[in-house]
Amino acid sequence: VQLQASGGGSVQAGDSLNLSCVGSGRTTDYTMSWYRQAPGKEREFVAAISWWTGSLTLYSDTVKGRFTVSRDSAKNTAYLQMNNLQPEDTAVYYCAAALGWSQSELRRGGMDYWGKGTQVTVSS
């Protein structure tokens, strides 16, 4: 499985962005997740959605209510809709994939495949 994230950019506080993660191979069998890493900080979990229909979702407390994760299995694509962006959301955002669903593994970053990141910069 290969993953490619896109959709990042430079925006103002309060703006929105929609990130996409396109997967090669049968990504419908995989839980898809998003992580971010800000300069000088450790990578942190952002959101995840379960395989196929995406009936399960999980969010970090810092983005809950502002970000929405979704997927289009027909397009092998996962999305992260980010609303009301704030400067503290500035980071490189990565998508990742793993078989199964484990909240502890998701929060820890125990994923099987990782894509290259896309930069999100939010100015105040």
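The values are calculated or read from the model by the stated rules, or taken from the named source; none is laboratory data. Here the structure is a predicted model, which means the values were calculated and not measured. Cβ: placed from backbone, ideal geometry, glycine included. Neighbour counts: every protein chain shown. Surface areas here come from the heavy atoms of the whole protein model, side chains and all, with no ligands, DNA or RNA. Shrake-Rupley method; radii C 1.70, N 1.55, O 1.52, S 1.80 Å.
Odds and ends about this structure:
- Every condition in (1) out of contact with any helix residue (DSSP H, G or I) (no Cβ under 9 Å at 6 or more places or on another chain); (2) crowded, with 16+ Cβ neighbours inside 10 Å; (3) among the aliphatic types (A, V, I, L, M) is met by Leu56 except one, and the failing one is (2).
- Hey, Thr28 hydroxyl-bearing (Ser, Thr, Tyr) and under 16 Å from Leu3 (Cβ atoms) or not: yes
- Failed item, numbered, when Thr62 is tested on (1) more than 18 Å from Gly117 (Cα to Cα); (2) open to solvent by less than 10 Å² (accessible area, probe 1.4 Å); (3) among the hydroxyl-bearing types (Ser, Thr, Tyr): (2)
- Residue match in the stretch 47-60 (condition: within 13 Å of the chain's Cα centre (by Cα) and touching a residue at least 60 places away in the same chain (Cβ under 8 Å)): no
- Those residues of the stretch 19-41 which are closer than 13 Å to Thr121 by Cα, at pLDDT 95 or above and open to solvent by 20 Å² or more (accessible area, probe 1.4 Å), in sequence order: Gln37, Ala38
- The residue that is most open to solvent (accessible area, probe 1.4 Å), among those in the stretch 82-103 that are modelled with pLDDT under 95 and of a type outside the set (A, V, I, L, M, F, W, C), is Gln103.
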